[in-house]
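In what follows, a single structure is set out as structure tokens and then discussed.
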Amino acid sequence: MTQTRARPSDKYSPLYFLASLGAGGLAVTFFMWLMHWIPHPGQPVPLFGDITDAFAAGGWLVRGMILVALAGIALFGFLNLRLLVWNLRRYTAWSRSDAFAAFSKTNAQSQVMALPLALAMSVNVLFIFGMVFVPGLWSVVEYLFPLAMVTFLGIGAYAFRLYGRFLGRVLTEGGFNCAANNNFGQILPAFAFAMVGVGLAAPAALSEVAALAGLGLVLSSFFLVSSGLIAVVALVLGVRSMLENGANPETAPTLSIIVPLLAVLGILSLRQGHGMEAHFGGVASSGGTLVTLTQFLSVQVLFLLLAGLVLIRQGYAQRFLFGRETSPGSYALVCPGVGFAVLVHFFVNKGLVEAGLIAKFGPVFWALTGVALVAQVAMIWLVWHLNRRHFGAPAPAQAVPAE
């Protein structure tokens, strides 16, 4: 008979929610094409009508770009939702097991925050689906904003409940292993709260109703502050442990989690700034936006260099991407590439172009945008590679003659 190897995903980990998150992030990268490359007068985001108008008026390059963007949004959006459903089913069963009980007594308990993080991303993906595939959505969008805010608040409340269990245990019972905290895994909760916050900031940027915009500003600010405080504390604790014990090879990808976190917080800040300007007398300058985006991007680059240094020195790719070992934490490599690509698009279009430093669609524009496109293509390959490695059909391990 033939024995088969089990798939890595057969041994469940909540970090597999990052597979759903990464797919959703890739859908966002394709939406960036439509947002920054086709005109959408009258609203800050492109809608179905803008896309069809651009397709009808554009040449073959524009039409090809639109078709690829829509296909990418549809494909990776579907993959995001499919992996979310898979994770929710597996997580529900796993949470009733003895393995979960043991897991909940370790530092890794905070990994369950990947669940609300993935949920919030999927809500954003559904909103993108509505904008690009549903005609006439903008006519009813003011009715959808309250529903979206209630949904994000529900996810945020659930996130606080999960994180409260972790904090309640370690702050009352102790047992947090500082030596085993030699990574940035504890920043994951900050990422989850930031994702909720950016969803709540959408009405601030998009709604024409001042009350909704103001509510979005207040609620998103709460989650922004929550995310920032958690990230700073976790960063300090993680650096201290790594300086003493070295970075954990398996969880080393978490060293780049700051990159997607800053991308989300950067978009959140831009949305808040737009809402302040539109409704509450705020004054936004192109120079100020450029400086802010440059600062966010600079920190991203620094942490990418740090993570790359550690990953290369430890031989992470040879072990966990191409070798015999596997780790669900490898999916944490997708989010930085996606977050970097998204922030580069904003830096180029909302920063450099609007400040008048470069011409839109000029040679420098495409040279810098090419950096985002290279990162996007690399993450598409990485998602394909990891999904095949973790979720692909089990391969035969060895053939044993039948007796």
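Residue-by-condition table, conditions (1) in contact with a Gly (Cβ under 9 Å, 6 or more places away or on another chain); (2) modelled with pLDDT of 95 or more; (3) outside any loop (DSSP other than H, G, I, E, B); (4) under 27 Å from Leu311 (Cβ atoms):
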residue: Thr151; (1), (2), (3), (4): yes, yes, yes, no
residue: Tyr158; (1), (2), (3), (4): no, yes, yes, no
residue: Arg161; (1), (2), (3), (4): no, yes, yes, no
residue: Leu188; (1), (2), (3), (4): no, yes, yes, yes
residue: Gly197; (1), (2), (3), (4): yes, yes, yes, no
Checklist line | Pairs where the first residue, in segment 51-69, is of a type outside the set (D, E, K, R) and the second is not in a helix (DSSP H, G or I), C-beta under 6 Å, 6+ apart | finding: Ala54/Ile38
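Between Ala54, Ala99, Ala69, which is in a helix (DSSP H, G or I), of a type in the set (Gly, Ala, Ser) and surrounded by fewer than 14 Cβ atoms within 10 Å (Cβ to Cβ)?
That would be Ala99, the only listed residue that is in a helix (DSSP H, G or I), of a type in the set (Gly, Ala, Ser) and surrounded by fewer than 14 Cβ atoms within 10 Å (Cβ to Cβ).
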Item checked: Residues satisfying the stated conditions in segment 84-96, i.e. over 19 Å from Pro8 (Cβ atoms) and either buried (at least 16 other Cβ atoms within 10 Å of the Cβ) or polar (S, T, N, Q) (or both) -> Thr92, Ser95
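Would a scan of segment 307-321 turn up a residue that is outside any helix (DSSP H, G or I), of a type in the set (Val, Ile, Thr) and surrounded by 15 or more Cβ atoms within 10 Å (Cβ to Cβ)?
Checking segment 307-321: not a single residue is outside any helix (DSSP H, G or I), of a type in the set (Val, Ile, Thr) and surrounded by 15 or more Cβ atoms within 10 Å (Cβ to Cβ).
Name the residues in segment 236-249 that are touching a helix residue (DSSP H, G or I) at 6+ places or on another chain (Cβ under 7 Å) and either closer than 27 Å to Glu277 by Cβ or surrounded by 18 or more Cβ atoms within 10 Å (Cβ to Cβ) (or both), would you?
Passing the criteria: Gly238, Ala247, Pro249.
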Notebook entry, point to check: Hey, among the residues in segment 369-403 that are outside any helix (DSSP H, G or I) and surrounded by 11 or more Cβ atoms within 10 Å (Cβ to Cβ), which one's modelled with the highest pLDDT?
Noted result: Gly392
Margin query: Looking at the structure I just gave you, is Ala213 of a type in the set (A, V, I, L, M, F, W, C) and either under 24 Å from Phe166 (Cα atoms) or surrounded by fewer than 17 Cβ atoms within 10 Å (Cβ to Cβ) (or both)?
Written below: no
Next item on the list: Examine segment 268-290 for a residue that is part of a loop (DSSP other than H, G, I, E, B) and at positive phi, and state whether such a residue exists.
Entry: yes
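The values are calculated or read from the model by the stated rules, or taken from the named source; none is laboratory data. The structure presented is a predicted model; accordingly, all values stated were derived computationally and were not measured. Reconstructed Cβ throughout: ideal geometry from the backbone, glycine too, with neighbour counts over all protein chains shown.
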